[in-house]
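*Asks:* This is the structure I want to talk about, given as structure tokens.
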Amino acid sequence: MKRFPLVLAFILLLTPVFTRFASAQNEQSTGSRKILNKVVPTYPAMARAMNLSGTVRLEALVMPNGTVKSIQVKGGSPLLAQAAQAAIHDWKWEKSDHDSTELVEFKFNP
């Protein structure tokens, strides 16, 4: 029982080291517009500590200028979804004459 705080402290100290290299392994986008700039989500430290993996599905409403107007989570862990949403906000699609809805899926593996 005395080792638990020591182990927890060790994990918390190493978490920033691991999160620097951990990110979503794969992403897929299905939509009509070409993606010009992708940002890979950072794997959350808490998710790594919990050994949490899974798929997050998002629906992004993209404005005619190619920037994201809004995002809806369509499935996945809320913890992983936050990281995916933060990344999608920085994505850039090609310009268009109208808004479009783009579906994006991220697969997180620790």
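Coordinate-derived values only; no laboratory data. The structure displayed is predicted, hence computed values, not measured ones. When we count neighbours, we look across all protein chains shown, and the Cβ atoms used for this are built from the backbone with ideal geometry, even at glycine.
*Asks:* Could you line up Leu36, Leu79 from fewest to most neighbouring Cβ atoms inside 10 Å?
*Replies:* Leu36, Leu79
*Asks:* What are the radius of gyration and Dmax of region 38-110, computed over its Cα atoms and given in Å?
*Replies:* Expressed in Å, the Cα Rg and Dmax of region 38-110 come to 12.9, 44.
*Asks:* Multiplying the sequence separation of Arg57 and Arg33 by 0.36 nm and subtracting their Cα-Cα distance, what value in nm do you get?
*Replies:* Between Arg57 and Arg33, full extension yields 6.9 nm more.
*Asks:* About the Cα centre of region 68-110, how large is the charge dipole given +1 on each Lys and Arg Cβ and -1 on each Asp and Glu Cβ? Please answer in debye to the nearest 20.
*Replies:* Computed charge dipole of region 68-110: roughly 160 debye.
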